[in-house]
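S.K.: A single structure is presented below for examination.
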């Protein structure tokens, strides 16, 4: 048994439940050895985790470096961004364990030894150099970032709740997924650029701001939101909610059957509140492209005003949790209908739930991503400027071709 054997086993067994239980005993059982045998190679769990980080960064940098160098040499921005996306997607499609590790252990990790940007820069891959492809200042969402986020979303649909090694795809399937990815990144939802260029965004934003965004009078769900934002859905407990709300734990059972019911009720309620606001906003314009921006800006404005809800939704975005949570089907249908009308395609006679779900999930994924971004001054949430939402919207409807 070598250090590499132990590292590979840890990626497999810890990734099976998304790093909720990083027990050395699980690794030992997987390898068929005793736990003390692991200590001959790693003094403790943190030492093993450190080795896993280095293993990941070495594998990732070696794979994507040729794509990075080619992207820098590409004159056309769209071609350069797509080149980089091919490298990133190719690596993760071939390495489900690395995708899970990135989502659970690396995402927003500020430890210099575990931070993606710092570790890649140390290996000769400075992602900020790609901004030169589009003259990006770093203040607003960049094309390379939105393209990368879209790639991650599409890959997450492939893995769903299973990031085990056997989920890796072969070269043919990988190429098919990447081709579909390139179409979405290049063209977005396929709207007409001329129509988008005529939109008066300030007028539409004013319409949304005229609406009431007062916080709902529901102190119990507000307590659930605060606990989920702080601890995450996996660690949020009914005890924590009871303390935050000033209730007894037994008293919570008058409202929720169990923790699963509590979390589901919280997320479903918030989705319904957002959907109600979207429905009220989109009727203010007869133009489909404007209706879609009203929907996007309504979500962004609600979440900017309710940062605890935003952070809670961010857990759903990056953590493939096993709580059964469904967004509002009506929200999905609104987005699907706006997309099909705006792109000139035909609305199917039969409601295609799978298709509309993916459209809505992708758009929500992007909105939460942009709102969770910090700029160089550390600002985020409510301080994200309206221009960032406009840039995001144009990427959604036009892709990089309309950048």
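S.K.: What number of residues within the stretch 227-252 are farther than 24 Å from residue 19 by Cβ, surrounded by fewer than 19 Cβ atoms within 10 Å (Cβ to Cβ) and touching a helix residue (DSSP H, G or I) at 6+ places or on another chain (Cβ under 8 Å)?
M.R.: 6
S.K.: On to the next question. Could you look through the stretch 33-64, keep only residues that are under 25 Å from the mean Cα position of the chain (by Cα) and free of Cβ contacts under 8 Å to residues at least 12 places away in the same chain, and pick out the one that is farthest from residue 125 (Cα to Cα)?
M.R.: Ranking the qualifying residues of the stretch 33-64, first place goes to 54.
S.K.: Residue 195 passes all but one of (1) in contact with a helix residue (DSSP H, G or I) (Cβ under 8 Å, 6 or more places away or on another chain); (2) surrounded by fewer than 18 Cβ atoms within 10 Å (Cβ to Cβ); (3) part of a helix (DSSP H, G or I); (4) at pLDDT below 90; which number fails?
M.R.: Of everything listed in (1) in contact with a helix residue (DSSP H, G or I) (Cβ under 8 Å, 6 or more places away or on another chain); (2) surrounded by fewer than 18 Cβ atoms within 10 Å (Cβ to Cβ); (3) part of a helix (DSSP H, G or I); (4) at pLDDT below 90, residue 195 misses just condition (4).
S.K.: In the list 269, 275, which residue meets the criterion of being modelled with pLDDT under 85 and within 21 Å of residue 364 (Cα to Cα)?
M.R.: Answer to the check: 269.
Here is a yes/no grid of residues against (1) in contact with a strand residue (DSSP E or B) (Cβ under 6 Å, 6 or more places away or on another chain); (2) modelled with pLDDT of 85 or more; (3) farther than 29 Å from residue 306 by Cα:
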position: 99; (1), (2), (3): no, yes, yes
position: 130; (1), (2), (3): no, no, yes
position: 150; (1), (2), (3): no, yes, no
position: 177; (1), (2), (3): no, yes, yes
position: 180; (1), (2), (3): no, yes, yes
position: 189; (1), (2), (3): no, yes, no
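S.K.: Among what's in the stretch 355-403 and is part of a helix (DSSP H, G or I) and over 25 Å from residue 155 (Cα atoms), pick the residue that is modelled with the highest pLDDT.
M.R.: It comes out as 390.
S.K.: Just one of 55, 44 is surrounded by fewer than 15 Cβ atoms within 10 Å (Cβ to Cβ) and either under 18 Å from residue 105 (Cβ atoms) or not assigned by TED's automatic domain parsing to the domain that holds residue 174 (or both); which is it?
M.R.: Answer to the check: 44.
S.K.: Select, from 180, 175, the only residue that is over 22 Å from the mean Cα position of the chain (by Cα), free of Cβ contacts under 8 Å to residues at least 60 places away in the same chain, assigned to a helix (DSSP H, G or I) and not assigned by TED's automatic domain parsing to the domain that holds residue 283.
M.R.: 175
S.K.: Pick out, from the stretch 70-126, the helices (runs of 4 or more DSSP H) lying fully within it that include 2 or more residues that are under 23 Å from residue 181 (Cα atoms) and over 21 Å from the mean Cα position of the chain (by Cα).
M.R.: 77-94
S.K.: Okay, moving on. What's the number of the condition residue 320 fails, among (1) under 21 Å from the mean Cα position of the chain (by Cα); (2) in a helix (DSSP H, G or I); (3) modelled with pLDDT under 85?
M.R.: Unmet for residue 320, out of (1) under 21 Å from the mean Cα position of the chain (by Cα); (2) in a helix (DSSP H, G or I); (3) modelled with pLDDT under 85: (2).
S.K.: Go through the stretch 231-292 and tell me which helices (runs of 4 or more DSSP H), entirely inside it, have 3 or more residues that are assigned by TED's automatic domain parsing to the domain that holds residue 221, under 26 Å from the mean Cα position of the chain (by Cα) and under 30 Å from residue 197 (Cβ atoms).
M.R.: 259-282
S.K.: Still on this structure: Among the candidates 42, 68, 91, single out the residue that is within 30 Å of residue 153 (Cβ to Cβ) and in contact with a helix residue (DSSP H, G or I) (Cβ under 6 Å, 6 or more places away or on another chain).
M.R.: 91
The values are calculated or read from the model by the stated rules, or taken from the named source; none is laboratory data. Please read all numbers here as calculations on a predicted model, not as lab measurements. As a convention, Cβ positions derive from the backbone with ideal geometry for all residues, glycine included, and neighbour counts pool all protein chains shown.
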